[in-house]
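The values are calculated or read from the model by the stated rules, or taken from the named source; none is laboratory data. Worth saying up front: this structure is predicted, and the values here are computed from it rather than measured. All accessible areas refer to the heavy atoms of the entire protein, side chains included, with ligands and DNA or RNA removed. Shrake-Rupley method; radii C 1.70, N 1.55, O 1.52, S 1.80 Å.
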Amino acid sequence: MKSVFHLITDDPDEQQTALTIAKNLTEDDSVEIDDVVVVAQAGGIEPFTADGEGSDEVRSLLEEGISFRACGNTLELKDLEETDLVDGVETVPSGAGELTRLQNEGYAYIRP
């Protein structure tokens, strides 16, 4: 099974909840998980930035094999560069496009 988490809110508590649930999913022995991806856009981009609140958690989860993808449109709107992101975070042209593509590939959509 594969899951994609949609991180769109600028609320730090909701961001932390999404990251915690993603981690918990990878540690749940009752389900066989092949891949977990977190896609961020709009206000949800904060933990993906190198000095953002939640960036340490993103680094840790990257080491555990969770993938992180940042919306290129959001980066442009917020005047951010790829170099402003945590090392290992990928950029995609649009968050909505990536979410659609992943769901089409069979990923379960989760928006905590």
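Values as computed for the structure displayed
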quantity: LYS2 - accessible surface, heavy atoms, 1.4 Å probe, Å² rounded to 10; calculated: 70 Å²
quantity: Solvent-accessible heavy-atom area per residue, rounded to whole Å², over region 1-76 at 1.4 Å; calculated: 47 Å²
quantity: Solvent-accessible area of ARG59 with every protein chain in place, 1.4 Å probe, in Å² to the nearest 10; calculated: 90 Å²
quantity: Rounded Å value of the spacing that divides the Cα centres of region 1-50 and region 94-112; calculated: 12 Å
quantity: Of all accessible heavy-atom area on region 1-110, the percent that carbon and sulfur account for (1.4 Å); calculated: 43 percent
quantity: DSSP bridge orientation in the chain - percent antiparallel, rounded to nearest 5; calculated: 5 percent
quantity: From the coordinates shown, Rg and Dmax of the Cα atoms in Å corresponds to which of (1) 13.5, 40; (2) 14.6, 52; (3) 12.8, 42; calculated: (3)
